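Right, one structure below, let's go through it.
Every number in this text was worked out from the coordinates using simple rules, so none of it is lab data. Keep in mind that what you see is a predicted model, and the values were worked out from it rather than measured. We place every Cβ from the backbone using ideal geometry, glycine too, and count neighbours over all the protein chains shown.
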Amino acid sequence: MHIRTLTGGFAAAMVVSLSLTGGQATAAPAGADAPAAARVLTYDASGSAEFRSAVDRGAAIWNESVDAVELRPAATGQRANIRVVADNGWPRALTTSLGNGTVYMGRQAVDQGYNTVRISAHELGHILGLPDRKPGPCSSLMSGSSAGTACTNPYPNAAEKSEVEGNFGGALIGTAPAVRTGVVVD
C-alpha cells in the first residue's frame, strides 16, 4: 500500500493498492479505509477588533474537535468563506450556506459577562451547520447563552462533533445537510 500526499492548496491523501494480476499491475479501488481530506474553510477575522484572539481560539477548538473540516485564516486578499466582525449588538451568525457566512462578535453579551472564546466557537458552530439547543447545559456548546455567564466551556460535545463530521464528511457523501440560512441570533 502506498500513500501519496497531494499539494497545491489542497491537502489530501490517496491510498493506492497495486496487485499483480496476469502479469499486469492494476489499481484497486480506494476503499472505505482511505482517509477523507478535510474540507478547508477560510475565515477573515480582520474586522473582529478586540476579539481576534478569541476567534482564532474558537477556530482552533473546532480544528482539534473534528476531522472533516478545517478552519484556516484567509490569506491577505483572499475571499474567505467566513467573515468575522465585531459590533455592539448581540452575537449572531448569518449563514448563507453550509460553511459560509458572517459571524458577529457582539459586545452586548461580553458586557453581560459571557466568555468570548465560547461565543466564537458557538457562532462558528452555526456556520458549520449546528442549530441552537436552548435551553441546555454548559456541556453543550450550542446551548449558548442559556448555560449562563458562569459557563466558559468552548468545546462541542460528542453529539455536536458528530453532527459537524456528518455535515462535512459523513456517510452521505455528496449530499449536503439542510442548513437554515439567515440570521441566527443567540
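Just a few scattered comments:
- Label-point gap, in nm, between residue 60 and residue 37 - each point 7 angstrom along Cα→Cβ: 2.6 nm
- Restricting region 61-94 to trypsin sites (Lys or Arg not before Pro) in coil, as DSSP defines it, with at most 11 other Cβ within 10 Å: 79
- More than 19 angstrom apart: percent of Cα pairs within region 39-185: 46 percent
- For region 81-141, share of DSSP beta bridges that run antiparallel, in % to the nearest 5: 45 percent
- Antiparallel bridge percentage (DSSP; both residues within region 39-185; nearest 5): 40 percent
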